[in-house]
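Structure first, commentary second.
The values are calculated or read from the model by the stated rules, or taken from the named source; none is laboratory data. Quick caveat, the model's predicted, so the values are computed rather than measured. Counting neighbours? That spans all protein chains shown, and the Cβs are built from the backbone with ideal geometry, glycine included. Just the protein is used for accessible areas: all its heavy atoms, side chains included, with ligands, DNA and RNA removed. Shrake-Rupley method; radii C 1.70, N 1.55, O 1.52, S 1.80 Å.
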Amino acid sequence: MNQEHFGFLDEYAKKEVRRATLKAVAIPGYQVPYSSREMPMGRGFGTGGLQLTLALIGRGETLKVIDQGSDDSVNAVNLRSFIEMTCPGIHTTIRTEQADLIQSRHRIPEKPLREDQLLVLQVPYPDALVVVEASEDRRKLLHGEADYSRLLVKLYEDIVKFSEITISHRYPTRINGHYVIDPSPIPRWDVPKLHNSPALILLGAGREKKIYAVPPYTQAEPLAFEDVPFRVEDFSDEHGQRRSCVRCGCNSSFLDEYVDSATGEQVYRCSDSDWCNQQLEQQQGVEQAVEVANG
Amino acid sequence: MLEVAPIWQPHIQQQNYRLLLEAMSRPGTVHPIQGLNRTSNSLLAVLAALLDGSVRFCDLSERLETSDIALLQAIQTVPEEADYLLCSGIDAPDFQPRLGSLASPEQSATLLVHVEALQAGDLQLDLTGPGIKQNRICNIQGLDTDWLVKRESWVCGFPMGVDLILLDQQQLMALPRTTRVEVH
């Protein structure tokens, strides 16, 4: 019986995380405190998301892990291999549609999630109020009273200075008309996906020891003003043309900007690598089909 | 070798936890509890998946054996201080559960209410709220209607409130504090 315990965490740690997730779902957007165990990686490297995944996953389930939309970046690879090592009998995939559980850092997949899927987001800073109130005790009261006036003033100051709200990621979002959450450093592009999501979304902050949730089919409204509505990133070029991915040509996805090291030119690519691959495969499939048809 | 009943095995507890999470995420949906056999009842299966020595609980239903309670390891207490409360649906509630505070609403009770049958009976509820796309109809047999009146008074001050898990012999469903319930 020298076998390592399934899921690395002991059963007491898992039960604590599990109880916290149930309260998190019952109180949408509220940050439930939990003890956050020591993991064999530094806090701030996705230990919150990892503890959620380890408490959730069971044998036979399929997991996808992404970091900034990519299955191959270092944080995703490390987390995936750790989970594979400690959870014998699970499967992993890079295909969004094949996953039962998706653990992600900083992105929500382009492909819409289904009811039978579950998204776990890694969170560095869970409290949207931290920019306006330093004391956690005071923040907890403000959250309880749903008093976000100081946060709105902060957004208003942005408008005064820059004529628009300049928050690019971690956009404060109100859940079920009460709690405002920090939805983790997802781009604005992904914020509308929180609203009425078919899938349950759990957020875990390991260093800050908080778990919170956006239940399925729940209102999620980014904070904004009537005359300054929320908007997502604009990928139009100087001629007003929507930029497309240099690799797959997709012009409807969230794009990452690169500088071509040879030419010094700016190029854009899909941030979601599985989405990009599937676009390419589809095109190749179509090309092959055309070739076959043309005989 | 000593045979451990399925509900005490970690992989069954994981499955039952996921059912609870699914039930809490989608109020009114009914899920079959895993790992039940002659010696285990549905209440015990759910408690086994959630409780340990850091939790206080109270059994008002008197459906648990003393030996089961010892295995749960949880601290027994009075209803007013319990994190988890076991109740019988046919009895009208006559206690005041913990509702949490404005700053810490999670420090509130979860009520496990045993009823005769889910998906049966004359009591028909129309549910709306988070986790429900439009509305969801569910039927319950063996729930005193006073439960719904009391629940309303417990959950009216969001974020404070209680969360209900309803169980019959085989299955469970949940009514978190955010669910709005109308009797048909």
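Some notes on this structure:
- Using just its DSSP H runs of length 4 or more, each adding -39500 (n - 2.57), chain B gives a mean residue ellipticity at 222 nm of -7000 deg cm²/dmol after division by all residues.
- Rg/Rh ratio calculated on Cα atoms of the range A:255-294 (Kirkwood radius): 1.20
- Rounded to the nearest 0.05, the FRET efficiency derived from the C-beta distance between A:S135 and A:E97 at R0 = 35 Å is 0.20.
- Taking every C-alpha pair closer than 8 Å and separated by at least 6 residues, the mean separation divided by the residue count of chain B gives a relative contact order of 24 percent.
- With the simple spin-label model, which puts each label point 7 Å out from Cα in the Cβ direction, the B:A70 to A:V267 separation comes to 7.0 nm.
- When accessible surface is computed with a 1.4 Å probe, chains A and B are found to bury approximately 3200 Å² between them, both chains counted.
- Longest segment of chain A lacking GluC sites (Glu not before Pro) that sit in a DSSP loop with at most 13 other Cβ atoms within 10 Å: A:39-144
- Fraction of C-alpha pairs exceeding 29 angstrom in the range A:11-222: 21 percent, rounded to a whole number.
- What separates the Cα centres of the range B:130-184 and the range A:240-295 is a distance of 48 Å.
- The charge dipole of the protein assembly as shown, taken about its Cα centre with unit charges on the Cβ of Lys, Arg, Asp and Glu (plus for the first two, minus for the last two), comes to roughly 360 debye.
- Overall, the ratio between the Cα radius of gyration of the range B:64-128 and 2.2 N^0.38 Å, rounded to two decimals, is 1.37.
- Spherically averaged projected area in nm², based on the convex hull that wraps the Cα atoms of the range B:109-175: 4.6 nm²
- The range A:1-81: trypsin sites (Lys or Arg not before Pro) in DSSP coil with no more than 14 other Cβ atoms inside 10 Å: A:R59
- On the beta carbon distance between A:V286 and B:D126, with R0 = 56 Å, the FRET formula returns roughly 0.75.
- Those residues of the range A:172-201 for which accessible area with every protein chain present is at least 10 Å² below the isolated value (1.4 Å probe): A:N176, A:H178, A:Y179, A:L200
- The range A:142-248: proportion of alpha-carbon pairs further apart than 19 angstrom, %: 53 percent
- All Cα pairs of the range A:1-67, percent lying beyond 13 Å: 68 percent
- Theoretical ellipticity at 222 nm over chain A - DSSP helices of four or more residues, -39500 (n - 2.57) apiece, nearest 500: -9000 deg cm²/dmol
- Model label zone, B:E3; criterion: amide N under 12 Å from point 7 Å along Cα-to-beta-carbon; scope the range B:29-72: B:37-39
- The mean sequence separation of alpha-carbon pairs under 8 Å and at least six residues apart, normalised by the residue count of the range A:57-205, gives a relative contact order of 24 percent.
- Considered as an equivalent ellipsoid built on the Cα gyration tensor, the protein assembly as shown has semi-axes of 41, 27, 22 Å, the largest given first.
- Evaluated at q = 0.10, 0.11, 0.12 Å⁻¹, a Debye calculation over the C-alpha positions of the range B:1-145 (equal weights, vacuum) places log10 I(q)/I(0) at -0.38, -0.46, -0.55.
- The H on the amide N of A:H91, modeled in the peptide plane, is under 5 Å from the matching H of A:G60, A:E61, A:T62, A:L63, each at least 5 residues off or on a different chain.
- Rolling a 1.4 Å probe across all protein chains gives A:H169 an accessible area of roughly 90 Å².
- Per principal axis, descending, Cα span of the range A:61-119 in whole Å: 29, 23, 14
- For chain A: relative contact order, % (alpha-carbon pairs under 8 angstrom, 6 or more apart): 20 percent
- Acute angle (nearest 10 degrees) that the helix B:146-155 long axis makes with the longest principal axis of chain B, alpha-carbon atoms: 80 degrees
- Sites A:D237 and B:V149 - FRET efficiency at Förster radius 60 Å, r taken between beta-carbons, to 0.05: 0.45
- Rg and Dmax of the range A:194-277, Cα atoms only, in Å: 17.5, 47
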